[in-house]
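Report on the following structure.
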Amino acid sequence: MNKSTKTDIRHRLWELLHRTNALLVKYADVKLLKENGISYQQFLVLLMMDRIGTAATGSQIADMLDRNPNTLSMIIDRMMDGGLVRRARDMEDRRCVRIVMTPKGKSKLKKTIESGWSIIEQLAESFTEDELQTFASLTEKLMAQTFKVLVPPKVVKRAASSYTNTSANK
């Protein structure tokens, strides 16, 4: 394979990944909002809060979603307006504010997870189990390389810490 062919396939792959991600985010958002009354971003916040397993801080959620804390704060404000979450002072450290999922938020999360699984199943039905396993392995490899090449070390450490803390809390 010559250099031009290698470059062409890399560019094609990058474009396909980008376009697929854009389609998934755009149309999943439309479908989730229409079916469940919450946006894709709100769903992700609820999902991360559920993974953390306790009342989460905004910075924990922002780290897990790789979002700027100010951006996350705006999403949280809209979620509070919708009755999905509330802010609460940490009883041990009064300076710390935690985000707590309300019963309405828990209900929306459960319903949206069911809708999400339906989307995933529909998308995956054209692949064999072996193809899905290969795709998952290759995607994990690409994600690890992305962290290695593009993500600053302190962000990687914070993200890994958030994930580890999440796993321990479940």
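Read the figures in this text as sums done on the coordinates, not as results from a lab. Predicted model only: the values in this text are computed from it and were never measured. For neighbour counting, all protein chains shown are included, and Cβ atoms are generated from backbone atoms with ideal geometry for every residue, glycine included.
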When Ile75, Ile120, Ile38 are ordered from fewest to most other Cβ atoms inside 10 Å of their Cβ, what list results?
Ile120, Ile75, Ile38
Could you check the spin-label model distance between Val149 and Thr134? Points 7 Å from the Cα along Cα→Cβ, value in nm.
2.2 nm
May I ask you to derive the FRET efficiency for Arg95 and Val25 from their Cβ-Cβ distance with R0 = 35 Å, giving the value to the nearest 0.05?
0.50
Say a site is exposed when it is one of the GluC sites (Glu not before Pro), sits in a DSSP loop, and has at most 13 other Cβ atoms within 10 Å; what is then the longest site-free stretch of the chain?
1-91
Positive minus negative residues near Val100 (Lys, Arg vs Asp, Glu; Cβ under 10 Å):
+3
If you take the charge dipole of the chain about its Cα centre, with +1 on Lys and Arg Cβ and -1 on Asp and Glu Cβ, which of Ile113, Ser126, Val149 is farthest toward its positive end?
Val149
Counting all C-alpha pairs of the range 24-145, share separated by more than 23 Å (%)
40 percent
Charges at C-beta only: +1 for Lys and Arg, -1 for Asp and Glu. How large is the resulting dipole of the range 3-169 about its Cα centre, in Debye rounded to 20?
680 debye
